[in-house]
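First the structure, in the form of structure tokens, and then the observations on it.
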Amino acid sequence: MERQFLKTHEWVEFLSDTTARIGISDYAQHELGDLVFVNLPQVNDTVTAGEAFGDVESVKAVSDVMSPVTGTVSAVNEELIDNAAKINEDPYGSWFIEVSDVTAKGELLSAADYEAFCAKEGH
């Protein structure tokens, strides 16, 4: 399935109708610069569409990571906790969390609409 985006620069990829993987976009990692730390929820925590579920810390700033869906965290990418720089190297391969039992979705943009949004915003 096609990756979708939030205007806050997170991506979501649906593995099934009720399971999704979430990460941050290439644009986001580029703007943040070198990432040094990621703070993620625990398995079985709940996340809510439009609300922060964690944050990323770069040499420049700390930024919240927003959830594009509502559901239960079913997996956490532990690799990122040990090596946040992987997000800079491969933002679309470096998922943060998997969410199951998805019950709601935020305002998602297609890849083309997200690209247009970034271009319009001067990004």
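The values are calculated or read from the model by the stated rules, or taken from the named source; none is laboratory data. As the structure is a prediction and not an experimental result, all values here were calculated from the model. No Cβ is skipped: glycine too gets one built from the backbone with ideal geometry, and neighbour counts run over all protein chains shown. Surface areas here come from the heavy atoms of the whole protein model, side chains and all, with no ligands, DNA or RNA. Shrake-Rupley method; radii C 1.70, N 1.55, O 1.52, S 1.80 Å.
Once the whole set of protein chains is in place, how much accessible area is left on Asp90, using a 1.4 Å probe, in Å² to the nearest 10?
Near enough 80 Å² of accessible area.
Note down the net charge around Asp34, summing +1 for each Lys or Arg and -1 for each Asp or Glu among other residues with Cβ under 13 Å from its Cβ. Kindly include the intermediate steps, with their values, before the conclusion.
Values: positive: Lys60, Lys86; negative: Glu31, Glu57, Glu89.
With Lys, Arg at +1 and Asp, Glu at -1, the neighbours total -1.
Helix-only mean residue ellipticity at 222 nm, the chain, DSSP H runs n ≥ 4 weighted -39,500 (n - 2.57), per residue, nearest 500. What is it?
Counting only the DSSP helices, I get -5500 deg cm²/dmol.
Which shape class, rounded, prolate or oblate, goes with region 1-96 when its Cα gyration tensor gives a ≥ b ≥ c as root eigenvalues, a/c under 1.5 marks rounded, and past that a/b bigger than b/c marks prolate?
It is prolate, given that a/c is not under 1.5 and a/b is the larger ratio.
Give me the percent of accessible area attributable to carbon and sulfur for the chain, probe 1.4 angstrom.
Roughly 44 percent, rounded to a whole number.
How much accessible area per residue does the chain have, counting only protein heavy atoms and a probe of 1.4 Å, in square angstrom?
Accessible surface, normalised per residue, equals 52 Å².
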